[in-house]
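Below is one structure, written out as structure tokens; the observations come after it.
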Amino acid sequence: EDWYCDAVRYVVGKGLMTGTGPSRFSPGAALTRGMLVTILYRLEGRPAASGAAFDDVSADAWYADAVSWAAAEGIVTGYGGGIFGPDDDITREQLAVILHRYAAAGEYEFRRTGPALQTFRDWADVSAWAADGMDWAVGAALISGKSGALLDPGSSATRAETAKILMDFCETAVS
């Protein structure tokens, strides 16, 4: 009966996300940047990847191939200075930007069915570098606001929120 139950079943069933322990999903836990690119890497079918794209991603890290692939495809660019921050919590606006780049790289199209970005009370809090991605994600109805008509762009995206966004992405994308 939790709002995210169907989404968690979907992403786990598709092998996109795994649990955080035996029979545990941790829906309220924050998703990391390394986790997100790993999810997209799995969604893409784990294509061949090699090379160290960022100084803070060791070649033997569990997310190394995913980060390398995402960087090579232009899906992630990191913070600059060779830093990706794989263990950093991903913000809602970072999630939107990365999904927007992933959709563009895969030539996925979405109909604009969501509201305008300016509908949300905190739309001006969206970082300038994230405005296009956030506008796309809101317009594609992948990111809806939180209570109080807030986007909360700088807060961490939870595993439950990400599962719902990914399920909606997969079910509404036109390739």
Can you tell me the equivalent ellipsoid semi-axes for region 18-175? Use √(5λ) from the Cα gyration tensor, largest first, whole Å.
25, 17, 16
Mind checking which helices in the chain clear 18 Å along their axis (Cα) and have mean Kyte-Doolittle hydropathy of -1.0 or more, DSSP H runs only?
92-105, 159-172
Report the longest stretch of the chain that contains none of the trypsin sites (Lys or Arg not before Pro) sitting in a DSSP loop with at most 16 other Cβ atoms within 10 Å.
15-110
Enumerate the amide H contacts of Lys146 below 5 Å, restricted to partners 5 or more residues apart or on another chain; note that Pro and chain-start residues carry no placed amide H.
Leu151
Karplus-derived HN-Hα couplings along region 141-157 (A = 6.51, B = -1.76, C = 1.60, θ = phi - 60°), whole Hz, x at Gly and Pro:
6, 8, 10, 10, x, 9, 4, x, 6, 10, 8, 6, x, x, 7, 5, 7
Using the beta-carbon distance between Asp2 and Asp55 and R0 = 25 Å, what value does 1/(1 + (r/R0)^6) give for FRET efficiency, to the nearest 0.05?
0.05
For Glu93, the net charge from surrounding residues (Cβ-Cβ under 15 Å; K, R +1; D, E -1) works out to -4
What are the residues whose amide H is under 5 Å from the amide H of Thr91, where those residues sit 5 or more places off or on another chain and H is modelled from the backbone?
Ala157
Could you report region 1-84's accessible area per residue, 1.4 Å probe, as an integer in Å²?
55 Å²
Tell me which GluC sites (Glu not before Pro) from region 82-175 have a DSSP coil assignment and no more than 16 other beta carbons within 10 Å of their own.
Glu107
Which distance in nm do the two modelled labels at Tyr108 and Ala48 give, with both placed 7 Å along the Cα-to-Cβ direction?
2.5 nm
Provide the per-residue ³J(HN,Hα) series for region 78-90, in order, calculated from phi with Karplus coefficients 6.51, -1.76, 1.60 and θ = phi - 60°, each as a whole number of Hz, with x at glycine and proline positions.
x, 8, x, x, x, 10, 9, x, x, 9, 6, 4, 8
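The values are calculated or read from the model by the stated rules, or taken from the named source; none is laboratory data. Computed from a prediction, not measured in an experiment: that's the story for all the values here. Note that each Cβ is placed from the backbone with ideal geometry, even for glycine, and that neighbours are counted across all protein chains shown. All accessible areas refer to the heavy atoms of the entire protein, side chains included, with ligands and DNA or RNA removed. Shrake-Rupley method; radii C 1.70, N 1.55, O 1.52, S 1.80 Å.
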